[in-house]
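J.: Below you will find the structure I want to go over with you.
The values are calculated or read from the model by the stated rules, or taken from the named source; none is laboratory data. Quantities reported herein were computed from a predicted structural model and do not represent experimental measurements. Every residue, glycine among them, receives a Cβ derived from its backbone with ideal geometry; neighbour counts consider all protein chains shown.
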Amino acid sequence: MIIKMSGKKITKIVVAGGGFGGVKTALNFANVPGFEVTLISDNTHFEYHGALYRSAVGHSPMEVVIPLKEIFANCTNVEIILDSVGYIDHSKKIIASQTGQTYTYDIAVLALGNIVNYFGIDGLETHTQTMHDIPSTIRLRGKLVDIFKKTSNKPCRIAVIGAGASGVELAGEISNFATFIAKKYSIKPPQCKVILVDGSSRVLPLLSEKASRKATKKLQDLGVEIHLNTRVESCEENSVYLSAGNLDADLIVWTAGSKPSSFYSKNPDVFTLNRNGKVVVDNQLQSQGHKNIYVIGDNADTKYSGMAQTALSDANFISKNIIAQHKNGKLKNYTPKKPLYVVTVGPKWAVVENGSRIRSGRAGWKTRRDADLAIFRNFQPYKQAIKTWRQAYRMSKI
Ligand SMILES: Cc1cc2nc3c(=O)[nH]c(=O)nc-3n(C[C@H](O)[C@H](O)[C@H](O)COP(=O)(O)OP(=O)(O)OC[C@H]3O[C@@H](n4cnc5c(N)ncnc54)[C@H](O)[C@@H]3O)c2cc1C
């Protein structure tokens, strides 16, 4: 901590990760006297993953990315650094990048998000497409377009592995995208079959059985073939070996696994990991046994981690405690907040689960649009957020 000549103290916060948790934390301290923030990210922009599936099926990726420079344009005490963190020394209070650059902190906030997990399954990484960031999503879209153009008027099979929210949202839109591409290139649409595979006994296992049933019915209405209780054993080009037999497909998409950044396992003296690789945190979201090192969002072992809303509320929670700490006040304990689940299934249809209330159909879709806008409002002034949000209706030049 720096004590200035004026006697005022400055708390230096180093935030690693320019996603939901990291950006929200940095914004909470923007232009707040007494704080200096360094935001380190390996990406020049913030990505809204919840909208990636729309980019995969042709919508403009402009609604998915917001440059960090734009978000912090008017902030005088936030420095943005493009770098990849690799090491933390808790005794010296230093975070180091993979190239050896060091950053000293009074308080470290780590929100490095998840990466794809292939669970070591043979052939999966080589022979499947994913949808976890903008580059992978644009690649997936390109593959879909190529297949639809090649298979005009002929059968084509797209396998989506993973019936969580991402897999369900993607599977529900693929046939519609095939029709769009056929119109655009004045060709006959392919006879597109989408096959959704999951190891669990129902789609959207995080949601209630009722919400899951509604999503299943809608997927079936859209012609999606669903295979449950089915595990992937290995994968080859255009063929996936399942516990229930072989599945041939023109394209295989893997949406069934994610795991925390390897940063944590590489720093075992600072982080204790649970069996999924998430960091065990105390009741203030600090790495267990290490005060002033906060771990939030997808990386923290909390009840609802893995959701953008959780990362945002974690950021708000620790920000209040950091301010209290700065003023020598009392810190509060963390209470996990159940997120609102909104999953789109096909064009203009969504299922919404808010506590015990479940809604679906066009009204659900409207809730999804409102939820998208609420996300952008966290990072942009109202007019700008509306502009970003409207991009969702635009199709890219394909
Ligand atoms: C396809 C998809 C769809 C989703 N849909 C929804 C949804 O509809 N609703 C919902 O609530 N949640 C959704 N999620 C989950 C949601 O995106 C995450 O829970 C949320 O992004 C977590 O925020 P975070 O801050 O923990 O990590 P992230 O937002 O992932 O941010 C991590 C940041 O850290 C950076 N980074 C990583 N490693 C390093 C390093 N070594 N050094 C520096 N920077 C680094 C990354 O580039 C990134 O900027 C979805 C996720 C995916 C993949």
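J.: Give me a count of the residues in region 77-100 that are modelled with pLDDT under 95 and among the polar types (S, T, N, Q).
T.: Just the residues of region 77-100 that are modelled with pLDDT under 95, to begin with: 97-100.
Going one step further and asking which of them are among the polar types (S, T, N, Q), we end up with 97-99.
Of the residues in region 77-100, 3 are modelled with pLDDT under 95 and among the polar types (S, T, N, Q).
J.: Please indicate, with yes or no, whether at least one residue in region 81-99 is of a type in the set (K, R) and farther than 30 Å from V270 by Cβ.
T.: no
J.: A further question follows. Any residue in region 134-143 that is away from the ligand (no atom under 16 Å from the Cβ), touching a residue at least 60 places away in the same chain (Cβ under 8 Å) and of a type in the set (A, V, I, L, M, F, W, C)?
T.: For region 134-143, residues away from the ligand (no atom under 16 Å from the Cβ), touching a residue at least 60 places away in the same chain (Cβ under 8 Å) and of a type in the set (A, V, I, L, M, F, W, C): absent.
J.: Please go through region 288-311 and give me each residue that is free of Cβ contacts under 8 Å to residues at least 24 places away in the same chain and crowded, with 19+ Cβ neighbours inside 10 Å, ordered by number.
T.: A300
J.: Here is a further query. Any residue at all in region 152-162 that's within 26 Å of the chain's Cα centre (by Cα) and within 13 Å of the ligand (Cβ to nearest atom)?
T.: yes
J.: Among the residues of region 266-279, write down those that are away from the ligand (no atom under 14 Å from the Cβ) and not in a loop (DSSP other than H, G, I, E, B).
T.: L273
The rows are residues; the columns are (1) small (G, A, S); (2) in a loop (DSSP other than H, G, I, E, B).
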position	(1), (2)
L196	no, no
G199	yes, yes
P205	no, yes
R213	no, no
L219	no, no
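J.: For N333, state whether it is more than 16 Å from the ligand (Cβ to nearest atom), surrounded by fewer than 23 Cβ atoms within 10 Å (Cβ to Cβ) and not assigned by TED's automatic domain parsing to the domain that holds V203.
T.: Against the criterion (more than 16 Å from the ligand (Cβ to nearest atom), surrounded by fewer than 23 Cβ atoms within 10 Å (Cβ to Cβ) and not assigned by TED's automatic domain parsing to the domain that holds V203), N333 qualifies.
Here's the yes/no breakdown for (1) in contact with a helix residue (DSSP H, G or I) (Cβ under 7 Å, 6 or more places away or on another chain); (2) in contact (Cβ under 8 Å) with a residue 60 or more places away in the chain; (3) β-branched (V, I, T); (4) not assigned by TED's automatic domain parsing to the domain that holds A308:
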site	(1), (2), (3), (4)
V351	yes, yes, yes, yes
G355	no, no, no, yes
I358	yes, yes, yes, yes
G361	no, no, no, yes
T367	no, no, yes, yes
D370	no, no, no, yes
I375	yes, yes, yes, yes
K383	no, no, no, yes
K387	no, no, no, yes
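J.: In region 73-87, how many residues are more than 12 Å from the ligand (Cβ to nearest atom) and either farther than 20 Å from I386 by Cβ or touching a Leu at 6+ places or on another chain (Cβ under 7 Å) (or both)?
T.: So the answer is 5.
J.: So which residues in region 266-287 are of a type in the set (G, A, S) and more than 30 Å from Y53 (Cα to Cα), if there are any at all? Outline the logic, then answer.
T.: Within region 266-287, the subset of a type in the set (G, A, S) is 277, 287.
Scanning region 266-287 gives a single hit, S287.
J.: Name the pairs: first residue in region 24-40 and at positive phi, second residue surrounded by fewer than 18 Cβ atoms within 10 Å (Cβ to Cβ) and among the hydroxyl-bearing types (S, T, Y), Cβ to Cβ under 9 Å, at least 6 apart or on different chains?
T.: So the pair list comes out as N31/T76.
J.: Filter region 242-265 down to residues that are assigned to a loop (DSSP other than H, G, I, E, B) and away from the ligand (no atom under 16 Å from the Cβ) and give me whichever is modelled with the lowest pLDDT.
T.: Looking at the filtered set, the residue picked out is A244.
J.: Do we find that T104 is polar (S, T, N, Q), touching a residue at least 60 places away in the same chain (Cβ under 8 Å) and out of contact with any Phe, Trp or Tyr (no Cβ under 7 Å at 6 or more places or on another chain) in this structure?
T.: yes
J.: If a residue counts only when it is modelled with pLDDT of 95 or more and closer than 20 Å to G113 by Cα, which strands (runs of 3 or more DSSP E) contained entirely in region 280-398 have at least 1 such residues?
T.: 293-295, 341-344
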